């Protein structure tokens, strides 16, 4: 089963990671089981060179490598075709109340855009975009007019609890 997904999107250095972290924390404190997916445009390594798991994956060419410790589990898996965030969430995060996805601006995932004028002149959102209907809200540092969705203002007190209320109302599915 695929849990609800919500993408936090925005241009480079707009504050996507900061918002994902703060929103995940706010929702977790409310008892929401939050999981996250980060979109990357290039490959990554979870382990430094010459660790055992690095060697299993790179030298041994293992298809999947799991690292298990007393308090964490990590899985690195090779694939020939990338999975969508929905497929990853269904396969590995089905018990989440909400999966926050960082990035994925070109998908049809429902989106909250972070737009800070200190970083960029214009938001990503444009009503002419093919996936413009995916935008559900904007978090921004100043006034912005004529948007067909809610706007949460970073320059106003209480924006994070208000955003968390809105996300909980519209996206969270309590699983247990």
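Key figures for this structure:
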| item | result |
| --- | --- |
| Options 127, 123, 143, 148; residue that is within 18 Å of residue 11 (Cβ to Cβ) and over 20 Å from the mean Cα position of the chain (by Cα) | 127 |
| Segment 8-29 residues that are in contact (Cβ under 8 Å) with a residue 40 or more places away in the chain, paired with ones that are surrounded by 18 or more Cβ atoms within 10 Å (Cβ to Cβ) and in a helix (DSSP H, G or I) (beta carbon under 6 Å, 6 or more apart) | 8/16; 8/19; 8/20; 10/16; 26/164; 27/164 |
| In segment 151-172, residue nearest to the chain's Cα centre (by Cα) [restricted to those that are more than 15 Å from residue 110 (Cα to Cα) and in a loop (DSSP other than H, G, I, E, B)] | 154 |
| From 67, 46, residue being farther than 22 Å from residue 152 by Cβ, at pLDDT below 95, touching a helix residue (DSSP H, G or I) at 6+ places or on another chain (Cβ under 8 Å) and loosely packed, with under 15 Cβ neighbours inside 10 Å | 46 |
| Where residue 162 falls short, out of the listed (1) touching a strand residue (DSSP E or B) at 6+ places or on another chain (Cβ under 7 Å); (2) farther than 19 Å from residue 27 by Cβ; (3) surrounded by fewer than 18 Cβ atoms within 10 Å (Cβ to Cβ) | (2) |
| Matching option when the condition is at pLDDT below 95 and closer than 26 Å to residue 126 by Cβ, among 41, 7 | 41 |
| Number of positions in segment 79-120 that are surrounded by fewer than 15 Cβ atoms within 10 Å (Cβ to Cβ) and in contact with a strand residue (DSSP E or B) (Cβ under 8 Å, 6 or more places away or on another chain) | 1 |
| Criterion: touching a helix residue (DSSP H, G or I) at 6+ places or on another chain (Cβ under 8 Å), surrounded by 17 or more Cβ atoms within 10 Å (Cβ to Cβ) and modelled with pLDDT under 90 - qualifying residue of 139, 76 | 76 |
| Candidates 22, 30 - the one that is at pLDDT 95 or above, surrounded by 10 or more Cβ atoms within 10 Å (Cβ to Cβ), in contact with a helix residue (DSSP H, G or I) (Cβ under 7 Å, 6 or more places away or on another chain) and farther than 18 Å from residue 173 by Cα | 22 |
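The values are calculated or read from the model by the stated rules, or taken from the named source; none is laboratory data. Values in this document were obtained by computation on a predicted structure and should not be read as measured data. Note that each Cβ is placed from the backbone with ideal geometry, even for glycine, and that neighbours are counted across all protein chains shown.
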